[in-house]
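This report concerns only the one structure given below.
The values are calculated or read from the model by the stated rules, or taken from the named source; none is laboratory data. Since we're looking at a predicted model, the values are computed, not measured. Glycine also receives a Cβ, built like all others from the backbone with ideal geometry; neighbour counts cover every protein chain displayed. Keep in mind that these areas ignore ligands, DNA and RNA; they rest on the heavy atoms of the full protein, side chains included. Shrake-Rupley method; radii C 1.70, N 1.55, O 1.52, S 1.80 Å.
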Amino acid sequence: QVQLVESGGGLVQPGGSLRLSCSASGFTFSTYAMSWYRQAPGKERDLVATITAGRNTNYADSVKGRFTISRDNAKNTVYLQMNSLKPEDTAVYYCKVTRYGMDYWGKGTLVTVSS
């Protein structure tokens with residue numbers, strides 16, 4: 001079955017960096033677009049970035065120029081490099097794949113940006 005496991009979250013100071021990873025299994029990873037979402041306390045889950053099978057990317061306006069999504073098909077892993085982090089980036093970050101019209105989510109990894 002489809003499994004997505006996020007890692008790499010933690011506590012970081014404003015202006016710092018983190019790299020999140022999402023390890024995927026149970027499907028042909030290289031042929032699917034992958035996305036990162038985030039959900040801050042008391043808020044809805046929002047799209048952060050997407051990378052297609054052809055490695056085209058798009059980003060939420062709030063993270064453009066600071067975050068970079070990438071994928072390693074040999075490792076079945078999608079990454080989110082986050083630079084110049086701000087307190088408002090604090091959230092649980094999830095990766096998602098949509099397969100045959102069904103969304104699959106990981107359990108998320110918590111990112112806290114605080115001094």
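Thr98 meets all of the listed conditions (1) out of contact with any Lys or Arg (no Cβ under 7 Å at 6 or more places or on another chain); (2) within 22 Å of Gly15 (Cα to Cα); (3) not acidic (Asp, Glu) but one, namely (2). Restricting attention to the range 49-65, the residues that are farther than 17 Å from Leu20 by Cα and surrounded by fewer than 10 Cβ atoms within 10 Å (Cβ to Cβ) total 3. Counting only residues that are under 15 Å from the mean Cα position of the chain (by Cα) and of a type in the set (Val, Ile, Thr), which one in the range 1-48 is most open to solvent (accessible area, probe 1.4 Å)? Per the stated criteria, the residue is Val5. Of Asp46, Asp72, Asp61, all but one fail to be acidic (Asp, Glu), touching a Lys or Arg at 6+ places or on another chain (Cβ under 7 Å) and at pLDDT 95 or above; the exception is Asp46. Scan the range 31-56 for residues that are aromatic (Phe, Trp, Tyr) and either farther than 24 Å from Thr112 by Cα or not in a strand (DSSP E or B) (or both) and the total you get is 1. Would you be able to say whether some residue in the range 66-80 is open to solvent by less than 20 Å² (accessible area, probe 1.4 Å), among the hydroxyl-bearing types (Ser, Thr, Tyr), touching a strand residue (DSSP E or B) at 6+ places or on another chain (Cβ under 9 Å) and more than 26 Å from Ser114 (Cα to Cα)? Yes, the range 66-80 has at least one match.
Looking at the range 7-30 only, could you name the residues that are over 20 Å from Lys86 (Cβ atoms) and outside any loop (DSSP other than H, G, I, E, B)? Quick ask: steps written out before the conclusion?
Our first condition is that a residue be over 20 Å from Lys86 (Cβ atoms); within the range 7-30, this holds for 7, 21-30.
Ser7, Ser21, Cys22, Ser23, Ala24, Ser25, Phe29, Ser30, listed by residue number.
Across the range 81-115, the number of residues qualifying as surrounded by 15 or more Cβ atoms within 10 Å (Cβ to Cβ), closer than 14 Å to Leu18 by Cβ and aliphatic (A, V, I, L, M) comes to 6.
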